[in-house]
Amino acid sequence: MADSLRALVVLIALAGSGGAVLAQADAAKAADDCEAAVSDAVKRMRGSSAHEVQFNKARRSVTPSGDEETTLKGEGRYRGAGGASMPFAYSCALNTKTGATSGVVFRELAVAGDKPFAPDLTHVSVSDCEGAAAASLKSQHPRADRIVLDSESRQLKPAGDRNIALEGRGAVERAPGMNAVPFTYRCEVEPRSGRIVSVHTQL
């Protein structure tokens, strides 16, 4: 009887250990899936000039943000135009029940020695840009409700053809009653006329 009890205890211990290993494997896969989504977002937002996207796995951090949602944050870098190394930070919302990625946000970090970008905004309307981003999101998701833009996330950057790019983040309910999910937007403006050249949004 004693031998049978010891054998049962060993089996339970092994089963528990296996469960922990499985949980760690699931967490690692979810993180990898998130970073794959971030990599796609970087290439989509920066175009053909962005390549060699790499992530610093030591900088990963996971924070529960709901009963079934976890936020993964971290840092990485990609090779930009002219071969310059561009560092960035990212966050990704993960559904812990399904493993699905529900939102991706990335922002470029300042590089030592960089001069601040100070464009002429005389004819550029930030509100028009953000209004166009909200309209673009609404056209992609007609049932979208409560689109909120994070003013603190706004960033102005140089774009092609001497245009100005406004980038930022927000949150949207894809349908009434649904949980809000994060999104990013990018609006390019021709500074001399204030004309909006293009608008992109990404959930």
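The values are calculated or read from the model by the stated rules, or taken from the named source; none is laboratory data. In this text, all values refer to a predicted model and were calculated from it rather than measured experimentally. Backbone-built Cβ (ideal geometry, glycine too); neighbour counts: all protein chains shown.
Results for (1) in the same structural domain as residue 72 (by TED's automatic domain parsing); (2) not aliphatic (A, V, I, L, M), shown as yes or no for each residue.
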{"site": "97", "(1), (2)": "yes, yes"}
{"site": "103", "(1), (2)": "yes, yes"}
{"site": "140", "(1), (2)": "no, yes"}
{"site": "150", "(1), (2)": "no, yes"}
{"site": "153", "(1), (2)": "no, yes"}
{"site": "166", "(1), (2)": "no, no"}
{"site": "174", "(1), (2)": "no, yes"}
{"site": "193", "(1), (2)": "no, yes"}
{"site": "199", "(1), (2)": "no, no"}
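Just one of 25, 13, 36, 81 is modelled with pLDDT of 75 or more, surrounded by fewer than 17 Cβ atoms within 10 Å (Cβ to Cβ) and hydrophobic (A, V, I, L, M, F, W, C); which is it?
36
Of everything in the stretch 84-114, what is small (Gly, Ala, Ser) and either at pLDDT below 70 or under 23 Å from residue 185 (Cβ atoms) (or both)? Give them in sequence order.
Within the stretch 84-114, 89, 91, 93, 100, 102, 103, 110, 112, 113 qualify.
With the requirement that a residue be closer than 20 Å to residue 44 by Cα and buried (at least 16 other Cβ atoms within 10 Å of the Cβ), what does the stretch 137-170 give you?
Listed by number, the residues that qualify are 137, 141, 156, 159, 163, 164, 165, 166, 167, 168, 169, 170.
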